Amino acid sequence: GQQVQQSPASLVLQEGENAELQCNFSTSLNSMQWFYQRPGGSLVSLFYNPSGTKHSGRLTSTTVIKERRSSLHISSSQTTDSGTYLCAWGMSNYNVLYFGSGTKLTVEP
Amino acid sequence: EAAVTQSPRNKVAVTGGKVTLSCNQTNNHNNMYWYRQDTGHGLRLIHYSYGAGSTEKGDIPDGYKASRPSQENFSLILELATPSQTSVYFCASGAEQFFGPGTRLTVL
């Protein structure tokens with residue numbers, strides 16, 4: 001089946017450090033999406049990014065479709081950035097999503 | 001941002017009982033989805049719909065039915081609940097998917 005690989009699985013930062021999260025997919029796609037999830041919480045959409053680079057505050061998403069990869073850059077991390085970051089790749093006309101296992105980020109003060 | 005609500009938020013059911021999870025969205029999205037999230041398996045697609053009256057099987061449909069009676073509502077039905085269906089269930093809507101708050105289901 002479809003494979004979505006995220007790395008690293010976990011990451012611990014000191015407040016103010018930057019982070020780079022990676023997502024790779026094994027087959028072609030229609031779209032991709034980055035989500036943030038607090039423990040026990042729902043998923044919050046960060047980026048919907050079929051291709052190219054998008055910015056939102058301290059977050060930057062870059063997707064290269066033909067290389068089947070996407071990255072999420074977090075600059076100047078804050079303790080409130082702690083949580084799990086999930087990437088998902090969209091397939092078919094109905095944008096069925098396949099999720100990676102996530103990167104658990106901990107930002108320490 | 002899209003508003004997606006789910007009910008109930010928490011549910012305890014008995015093995016063999018019937019459970020219905022409900023999802024409502026107010027942004028007129030055609031596509032709606034049901035996922036479950038389990039430690040070690042991540043998020044997996046159960047059923048989806050591309051409009052009122054349509055339901056399609058996702059990756060793990062066994063033991064689940066879905067119903068889309070209107071554009072706004074999409075239900076997930078467990079006719080005979082089993083302990084293996086204990087999980088957190090999320091509904092989502094839209095091409096850019098917006099998720100509801102989740103339903104924590106425990107089947108005893």
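The values are calculated or read from the model by the stated rules, or taken from the named source; none is laboratory data. In this text the structure is predicted, and so the values were computed from the model without any measurement. Ideal geometry is used to build each Cβ from the backbone, glycine not excepted, and the neighbour counts take in all protein chains shown. Note: areas computed on protein heavy atoms with side chains; ligands, DNA, RNA excluded. Shrake-Rupley method; radii C 1.70, N 1.55, O 1.52, S 1.80 Å.
Cα centroids of segment B:3-76 and segment A:69-109: how far apart, whole angstrom?
23 Å
Mind checking the mean number of beta-carbon atoms from other chains within 10 Å of the Cβ atoms in B:85-94? Walk me through the numbers before you get to the answer.
Details: counts 0, 0, 0, 2, 0, 3, 1, 4, 0, 3.
For this peptide, the per-residue mean of nearby foreign Cβ atoms is 1.
Expressed in nm to one decimal, what extension gain is obtained for the pair A:S92 and A:S28 from 0.36 nm per residue of sequence separation less their Cα-Cα distance?
Numbers: separation 64, 0.36 × 64 = 23.04 nm, distance 1.01 nm.
Fully extending the segment from A:S92 to A:S28 adds 22.0 nm.
Out of all DSSP beta bridges with both ends in the protein assembly as shown, state the antiparallel percent to the nearest 5.
Numbers: 73 of 82 bridges.
Percent antiparallel among DSSP bridges in the protein assembly as shown is about 90.
Treat each spin label as a single point 7 Å out from the Cα along the C-beta direction, and report the B:A3 to A:S82 distance in nm.
3.2 nm
On each of the three principal axes of the Cα atoms of segment B:1-102, give max minus min coordinate, whole Å, ordered largest first.
Sorted from largest, the Cα extents of segment B:1-102 read 35, 27, 24 Å.
Give me the compactness ratio for the protein assembly as shown, meaning the Cα radius of gyration over 2.2 N^0.38 Å.
1.02
Enumerate the lysines that B:K18 could reach by cross-link, defined here as Cα to Cα under 17 Å, with residues fewer than 8 away along the same chain left out.
By straight Cα distance, B:K18 reaches B:K65.
With r defined as the distance between the Cβ atoms of B:I77 and A:K104 and R0 fixed at 35 Å, what FRET efficiency is calculated, to the nearest 0.05? Let's see the in-between values first.
Values: r = 33 Å, r/R0 = 0.94.
Plugging the Cβ-Cβ distance into 1/(1 + (r/R0)^6) gives 0.60.
Taking all protein chains in place and a 1.4 Å probe, what share, in percent, of the accessible surface of chain A do carbon and sulfur account for?
Details: 2410 of 5130 Å².
Carbon-and-sulfur percentage of accessible area, whole number: 47.
Counting other Cβ atoms within 10 Å, keep those with at most 14, restrict to DSSP loop, and tell me which trypsin sites (Lys or Arg not before Pro) in segment A:18-84 are left.
On the way: sites: A:K54, A:R58, A:K66, A:R68, A:R69; in loops: A:R58, A:R68.
Passing sites in segment A:18-84 are A:R58.
So if I place +1 on the C-beta of Lys and Arg and -1 on the C-beta of Asp and Glu, and nothing else carries charge, what would the dipole magnitude of chain A be about its Cα centre? I want it in debye, nearest 20. Before the final figure, lay out each step's value.
Details: 7 positive and 6 negative charges, 73 e Å.
Magnitude of the dipole: close to 340 debye.
From the convex hull of the Cα coordinates of chain A, what is the mean projected area in square nanometres?
Working: hull surface 26.1 nm².
Dividing the Cα hull surface by four gives the mean projection, 6.5 nm².
Taking a threshold of 32 Å on the Cα-Cα distance, which of the pairs A:K54/B:K11; A:K66/A:K104; A:K54/A:K104 fall above it?
Working: A:K54/B:K11 39 Å; A:K66/A:K104 27 Å; A:K54/A:K104 22 Å.
Over 32 Å Cα-Cα: A:K54/B:K11.
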